[in-house]
Amino acid sequence: MRIGVLALQGAFIEHIKLVKKLGTEALAVRRPDELKGLDGLIIPGGESTTILNLIHSFRLLKPIKKLAQAGFPILGTCAGMVCLAKKISNNSSLEALAVMDMAVRRNAFGRQIDSFEVKLPIPALGDKPFPAVFIRAPIIESAGPPVEILAKLPSGTIVAARQGRLLATAFHPELSNDLRLHRYFLDIIADAS
Ligand code: GLN
């Protein structure tokens, strides 16, 4: 199995390390031709406006969108989640990948608590809560029927979701030592093939 990590900006090195820890090949992706031969793609956290700008400059928007629409597995974390959403509030006018039926709001926690960690229950990963690191994180404001909600904060705010083989988290699973979220993504890929 080969996982590509979009390496235009943000926390891509951490994702590559984590996937390798799971014994799976991971490589940095910057050009459209580097999407060939991959079994899945991770879009990391960072700054979604910068990532989207670079996705456009590197002519990656159409190829990634086509793959996603054809059932190719993609994990988007934080800014990566923003890139996947069909509706983005608090955004520039940049066209996003727009492949998951959900509305997200950027920087939804405001300045006072712009970074925090919570023990987040994610039933799909088992009983033990996940150490979820939020950094100027977006939230999922609403999600359509094809979207399965995977995790909510105690306030009820949705922070992780899945739609077929597309997976999105508002937090940074690559910044904890817990490998379960990435393993879950690899399992989605293995089930598909
Ligand atoms: N606030 C960033 C954005 O909307 C996301 C932050 C992150 O990825 N840690 O792009």
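Just to be sure, is K87 modelled with pLDDT of 95 or more, more than 12 Å from the ligand (Cβ to nearest atom), closer than 21 Å to N177 by Cβ and of a type in the set (K, R)?
no
Of all residues in segment 106-121, which are touching a residue at least 24 places away in the same chain (Cβ under 8 Å) and either surrounded by 19 or more Cβ atoms within 10 Å (Cβ to Cβ) or part of a loop (DSSP other than H, G, I, E, B) (or both)?
R106, N107, A108, F109, L120, P121
Counting only residues that are touching a residue at least 60 places away in the same chain (Cβ under 8 Å) and more than 16 Å from the ligand (Cβ to nearest atom), which one in segment 37-47 is surrounded by the most Cβ atoms within 10 Å (Cβ to Cβ)?
Checking each candidate, the answer is G40.
Got a sec? Which of G10, G45, G71 is assigned to a loop (DSSP other than H, G, I, E, B) and farther than 20 Å from R162 by Cα?
Working: G45 fails: farther than 20 Å from R162 by Cα; G71 fails: farther than 20 Å from R162 by Cα.
Answer to the check: G10.
Quick one: is A151 assigned to a strand (DSSP E or B), within 16 Å of the ligand (Cβ to nearest atom) and out of contact with any Lys or Arg (no Cβ under 6 Å at 6 or more places or on another chain)? I'd like the intermediate steps shown before the answer.
Values: assigned to a strand (DSSP E or B): yes; within 16 Å of the ligand (Cβ to nearest atom): no; out of contact with any Lys or Arg (no Cβ under 6 Å at 6 or more places or on another chain): yes.
Answer is no for this residue.
Of everything in segment 48-58 that's touching a Pro at 6+ places or on another chain (Cβ under 9 Å) and in a helix (DSSP H, G or I), which residue is farthest from the ligand (Cβ to nearest atom)? Steps first, answer last, please.
Narrowing segment 48-58 to residues touching a Pro at 6+ places or on another chain (Cβ under 9 Å): 48, 51, 58.
Subset that is in a helix (DSSP H, G or I): 48, 51.
Values: S48: 3, I51: 7 Å.
The qualifying residue farthest from the ligand (Cβ to nearest atom) is I51.
Cβ-Cβ below 6 Å, separation at least six or inter-chain, first residue in segment 59-82 and within 16 Å of the ligand (Cβ to nearest atom), second polar (S, T, N, Q): which pairs?
T77/T169; A79/S48; V82/S48
K87 versus (1) touching a Gly at 6+ places or on another chain (Cβ under 8 Å); (2) farther than 22 Å from D187 by Cα: which is the lone unmet condition?
(1)
Which count do you get for residues in segment 163-183 that are in a strand (DSSP E or B) and within 20 Å of L153 (Cα to Cα)?
To start, the set of residues in segment 163-183 that are in a strand (DSSP E or B) comprises 163, 166-169.
With within 20 Å of L153 (Cα to Cα) added as a condition, the list becomes 163, 167-169.
Residues that pass the stated criteria total 4.
The values are calculated or read from the model by the stated rules, or taken from the named source; none is laboratory data. Just so you know, these numbers come straight off a predicted model, no measurement behind them. Glycine gets a Cβ as well: all are built from the backbone with ideal geometry, and neighbour counts include every protein chain shown.
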